[in-house]
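Written below as structure tokens is the structure these notes are about.
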């Protein structure tokens, strides 16, 4: 017996490999300055503890993206707490999506 109720034994259950994304995000590294005010297609993201603890943010956001109409993937690293918060609150389940990174005062934000 596999420990599942009888009704679930016959159903198609998701496999861990279908939703687990523990590997690194692939793509050529690009500076956030090079993509400011340009439309990008955000494909994936990851938030981890920053190795630069003395900076303004304790976390590091990695965005995997491409440009509209292109398949080539890129990654950008940022300590932007605003973008990290936007991604955590709105992006899960909505990727890929088109966005623009803008500088608003001292901060970066998705629009």
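Only the coordinates and a few stated rules stand behind these numbers; no lab work does. Owing to the predicted nature of the structure, the values given are computational and were not obtained by experimental measurement. Cβ sites come from the backbone with ideal geometry, for glycine too, and all protein chains shown count toward neighbours.
Rounded to 0.05, the FRET efficiency of the residue 70 and residue 49 pair, given R0 = 35 Å and the Cβ-Cβ distance, is 0.65. Legend: P(r) of region 25-110 from all alpha carbon pair distances, 5 Å bins from 0, whole percents, reading 3, 14, 27, 29, 18, 7, 2, 0. Each label point was placed 7 Å from the Cα along the Cα-to-Cβ direction; for residue 98 and residue 111 their separation is 1.5 nm.
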